[in-house]
1. Among the candidates ARG315, ARG333, single out the residue that is more than 18 Å from THR79 (Cα to Cα) and either open to solvent by 10 Å² or more (accessible area, probe 1.4 Å) or of a type in the set (A, V, I, L, M) (or both).
2. Condition first: touching a Ser or Thr at 6+ places or on another chain (Cβ under 6 Å), part of a strand (DSSP E or B) and open to solvent by 40 Å² or more (accessible area, probe 1.4 Å). Now tell me which residues in the range 336-367 satisfy that.
3. For the range 104-123, name all the residues that are open to solvent by 10 Å² or more (accessible area, probe 1.4 Å) and under 19 Å from ILE93 (Cα atoms).
4. Does GLY174 satisfy the criteria of being assigned to a loop (DSSP other than H, G, I, E, B), touching a strand residue (DSSP E or B) at 6+ places or on another chain (Cβ under 7 Å) and open to solvent by less than 10 Å² (accessible area, probe 1.4 Å)?
5. What pairs come up if the first residue lies in the range 272-300 and is closer than 15 Å to ALA213 by Cα, the second is β-branched (Val, Ile, Thr) and open to solvent by 30 Å² or more (accessible area, probe 1.4 Å), and their beta carbons are under 9 Å apart, counting only those six or more places apart or on different chains?
6. Look through the range 318-327, keep the residues that are touching a residue at least 12 places away in the same chain (Cβ under 8 Å) and closer than 17 Å to GLU374 by Cα, and return whichever of them is surrounded by the fewest Cβ atoms within 10 Å (Cβ to Cβ).
7. Would you please list the contacts, defined by Cβ atoms under 6 Å and residues six or more apart or on different chains, that run from a residue in the range 120-146 that is in contact (Cβ under 8 Å) with a residue 40 or more places away in the chain and under 17 Å from ARG179 (Cα atoms) to a residue that is among the basic types (Lys, Arg) and surrounded by fewer than 23 Cβ atoms within 10 Å (Cβ to Cβ)?
8. Could you please let me know if LEU182 is in contact (Cβ under 8 Å) with a residue 24 or more places away in the chain, more than 16 Å from LEU102 (Cα to Cα), open to solvent by 20 Å² or more (accessible area, probe 1.4 Å) and not in a loop (DSSP other than H, G, I, E, B)?
Amino acid sequence: MDSGGWSRRRFVGALAGGAAAAALPACDKAPEPAATPAPEPEASTSASREARRPSGPRPLYLGTYTSAEGGGKGIGLATYDAATGRITGSGTITGVGDPSYLALHPDRRTLYAVDERDDGAVTAVRLADRKVLGSRSTGGAAPCHLSVHPGGRWLLSANYGSGSVAVHPIDASGALGERSDLVRHTGPPPGPGQEGPHAHQFVTSPDGGHVLAVDLGTDTVYTYRLDDKAGTLTEVAQAHTRPGAGPRHLTFHPGGRYAYLANEADNTVAVCSYDRASGRVEVGEAQSTGTGPGTSYPAQILVTADGRHAYLANRGHNSLTRYAVEADGARLRLLGTVPVGGDFPRQIAFSPEGTLLFAANQKSSDVTVFHVDEANGGLRRAGEAFPSPVAVCALPL
């Protein structure tokens, strides 16, 4: 749906309506973020996972388009109950334009947002007092994704509109420095129906040795080495999907040898192998999303921490596809789909314990929540949808 130019990513906001625009009260009435407990070892059963689930409200941050009709006023603030999944609105962080994707620093003190505009930028927000620490240009148009390198020193962002990826240094306070590198995807040529490159994701491999950029416009996953001292990128490999697949989002299996690729344009997924030494990715055969012959656009794919199940958000079909992960990550087996309970699920995320799955539904301006069954990967709705203006990202902590 977003493959014909970056502005197409946002036009659906006009269809969302303004019903949810007042869902969140003013920022100065918001409570401080809840303390995050220290991580514990993985549990082997649902019962033990329930036992380690924290009590009390947990923070939830919500991305939106501030310039869209019916959009939000900034980054939405909310809390959720880890047991029931119930969401309660608590405010807004203003001063951030079109924060359509959010990411957290590993030390959990700083939140980062893209400013998805023609003159793209990334913004840092200190969570202790929710102060905006400033913004830096990404050097491109319509940044739609960002992530923090595991060492916490570099912010990686993807410019959808101009088909480039950027790196910014992060100082000790969490604030961003001027861009240290910018690379535009100039080859291969655009895929069928594309007019140019469209970088859609920029992430670090589980081993930390490489960073990977997924480009919908060129049907390519690019692998780079990041110089951890200079913040510069060196391309080391390219992996190509079948023409016209439109790769959008990649997630790694916990084992680190395989990854799963959601292809937006042709409504498929693919299992990819990853070589840690070289950084090379090999894209496997296209597989069904289980959505049938109708129009549907895969958005984001997730895999559980135990590596046993994967979930795909389907815009248009408005569902979540459930897969069993087999052969130590080398195979996906389609289990079926579940209605997402909203319209156009743009992004999905697990709670830290993996017991809840959140879906940000762009056109219906709401967030739906599901309980995740650890044993069979089943999804069960957790109450009513939470109104959130043009919801395009949900980040539960």
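1. Values: ARG315 fails: either open to solvent by 10 Å² or more (accessible area, probe 1.4 Å) or of a type in the set (A, V, I, L, M) (or both).
Being more than 18 Å from THR79 (Cα to Cα) and either open to solvent by 10 Å² or more (accessible area, probe 1.4 Å) or of a type in the set (A, V, I, L, M) (or both) holds for just one of ARG315, ARG333, which is ARG333.
2. Result: THR337, PRO339.
3. As a first pass, look at the range 104-123 and keep what is open to solvent by 10 Å² or more (accessible area, probe 1.4 Å): 104-109, 115, 117-119, 121.
Passing the criteria: LEU104, HIS105, ARG108, ARG109, ASP115, ARG117, ALA121.
4. Values: assigned to a loop (DSSP other than H, G, I, E, B): yes; touching a strand residue (DSSP E or B) at 6+ places or on another chain (Cβ under 7 Å): yes; open to solvent by less than 10 Å² (accessible area, probe 1.4 Å): yes.
So GLY174 passes the test.
5. As it stands, the answer is CYS272/VAL283; GLY279/VAL236; ARG280/VAL236, since those pairs meet every condition given.
6. To start, the set of residues in the range 318-327 that are touching a residue at least 12 places away in the same chain (Cβ under 8 Å) comprises 318-325.
Still in the list and also closer than 17 Å to GLU374 by Cα: 320-325.
On the way: LEU320: 24, THR321: 25, ARG322: 21, TYR323: 25, ALA324: 14, VAL325: 24.
Across the range 318-327, the extreme among qualifying residues is ALA324.
7. Once the first residue is in contact (Cβ under 8 Å) with a residue 40 or more places away in the chain and under 17 Å from ARG179 (Cα atoms) and sits in the range 120-146, its partners that are among the basic types (Lys, Arg) and surrounded by fewer than 23 Cβ atoms within 10 Å (Cβ to Cβ) give VAL122/ARG136; LEU133/ARG126; GLY139/ARG179.
8. Details: in contact (Cβ under 8 Å) with a residue 24 or more places away in the chain: yes; more than 16 Å from LEU102 (Cα to Cα): yes; open to solvent by 20 Å² or more (accessible area, probe 1.4 Å): yes; not in a loop (DSSP other than H, G, I, E, B): yes.
Considered against the rule, which asks whether it is in contact (Cβ under 8 Å) with a residue 24 or more places away in the chain, more than 16 Å from LEU102 (Cα to Cα), open to solvent by 20 Å² or more (accessible area, probe 1.4 Å) and not in a loop (DSSP other than H, G, I, E, B), LEU182 comes out as yes.
The values are calculated or read from the model by the stated rules, or taken from the named source; none is laboratory data. The structure displayed is predicted, hence computed values, not measured ones. Neighbour counts are summed over all protein chains in view; Cβ atoms, including those assigned to glycine, are modelled from backbone coordinates with ideal geometry. Side chains included, ligands, DNA and RNA excluded: accessible areas come from the protein's heavy atoms. Shrake-Rupley method; radii C 1.70, N 1.55, O 1.52, S 1.80 Å.
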